[in-house]
Amino acid sequence: MVTDKPEEIEPTYIWDVPTRLFHWGLMCVVATSLIAGEFGYMDIHVISGHVVLALIVFRLAWGVFGGKHARFSDFIKGPKTVLAYAKRLISGDAPAHRGHNPMGALSVVGVLAVLIVKVTTGLFANDDILTEGPLAAEVSKSTSDYLTYIHYQSGYVLYGLIGLHLAAVLFYTIKGHPIILAMISGKMHGLPENDAIDSPSPKKKLHGSWIAAIIFAGIASAIAYAIKTY
Ligand code: HEM
Ligand code: HEM
């Protein structure tokens with residue numbers, strides 16, 4: 001007799017392991033890059049900057065082929081959805097979301113975009129003394145100086161976005177959504193069991209593929225290493 005076994009679902013599981021490792025790893029290396037850059041520890045700065053590069057390359061691939069809620073298609077929404085969510089947030093009845101909510105997604109994209117600018121301009125930057133990015137010699141001195149200027153100025157945007165990110169995390173935590181815990185354990189408690197917009201997914205889809213994660217991590221590290229030693 002053939003029985004259709006329903007796919008196993010995990011009602012509270014959201015963040016796959018690679019996304020969580022990416023997040024906490026990114027937090028550490030971005031903080032290191034900022035502190036080392038501000039205080040002039042340039043050897044450390046350039047190394048941590050290249051780790052940021054590797055993590056971003058990994059995340060771009062994982063955003064297409066990763067676990068369900070890590071995929072850009074899962075959380076990047078159109079202006080209508082963002083506005084509708086903002087209205088519910090203002091009126092105090094914003095629902096708990098599986099994955100990034102439509103507004104949180106904007107800040108995720110913003111942080112990733114400004115980090116892409118930081119890393120790209122850093123590769124061509126120079127400090128007029130000892131340190132330059134591995135690709136600085138490929139452009140004229142004036143272009144390198146201009147990209148150094150962007151590298152420096154985009155820091156303000158990054159500080160602003162990190163501030164906003166931490167304020168949002170604090171806001172949701174105070175509102176009783178344990179989102180920090182979810183980024184640690186992968187599980188989000190207090191979610192509706194079966195919301196029409198936002199229902200739980202099969203286990204396989206939520207976790208993503210380990211093999212893909214390892215391959216992407218290897219490729220991302222190789223790209224960052226090749227650029228660093230160019
Ligand atoms: C330099 C500091 C940080 C950076 C650059 C950063 C960056 C990010 C990024 C890019 C994401 C999206 C994750 C993804 O989908 O891949 C994210 C999500 C998240 N971050 Fe951070 N983060 C930082 C610090 C922190 C800290 C200190 C905390 C908590 C104490 C935190 C808590 C979270 C949480 C809870 C989420 C998930 C938000 C949600 O539920 O939608 N982050 N962060
Ligand atoms: C491949 C990666 C990177 C390279 C090669 C690189 C290179 C450089 C260089 C050559 C400088 C010196 C510029 C100057 O003194 O005028 C610099 C400064 C700086 N970079 Fe980077 N960078 C990289 C990534 C990053 C990242 C990811 C961040 C932040 C998350 C960052 C933040 C800073 C900061 C805060 C400074 C100090 C600006 C100042 O006050 O002069 N960099 N970087």
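We did not get these values from a lab; they are worked out from the coordinates using the rules stated. Quantities reported herein were computed from a predicted structural model and do not represent experimental measurements. Virtual Cβ from ideal backbone geometry, glycine too; neighbours counted across all protein chains shown.
Here the calculated FRET efficiency for MET42 and ALA222, from their Cβ-Cβ distance with R0 = 30 Å, stands at 0.80, rounded to the nearest 0.05. Ordering of 43-49, 208-214 by packing is 43-49, 208-214, highest average first (other Cβ atoms within 10 Å, averaged per residue).
Shown is the FRET efficiency for TYR146 and TRP24, computed with R0 = 35 Å from the Cβ-Cβ distance and rounded to the nearest 0.05: 0.55. Between LEU181, LEU53, LEU115, find the one with the highest GNM mean-square fluctuation for the chain; connect C-alpha pairs within less than 10 Å. Of LEU181, LEU53, LEU115, the Gaussian network model singles out LEU181 as fluctuating most. For the chain, the membrane-span-like helix rule (DSSP H, alpha carbon extent of at least 30 Å along the helix axis, mean Kyte-Doolittle at least 1.0) picks out 17-39, 42-65, 102-123; this says nothing about an actual membrane. Spin-label pair TRP210-ALA168: with each label point 7 Å from Cα along the Cα-Cβ axis, the two points sit 3.2 nm from one another.
What does the extension gain come out to for THR131 and ILE90, with contour length at 0.36 nm per residue minus their alpha carbon separation?
Details: separation 41, 0.36 × 41 = 14.76 nm, distance 4.74 nm.
Extra length available between THR131 and ILE90 comes to 10.0 nm.
Taking 30 Å as the limit for the C-alpha separation, the pairs LYS80/LYS175; LYS118/LYS187; LYS77/LYS187; LYS77/LYS175; LYS77/LYS204 exceed it in the case of LYS118/LYS187.
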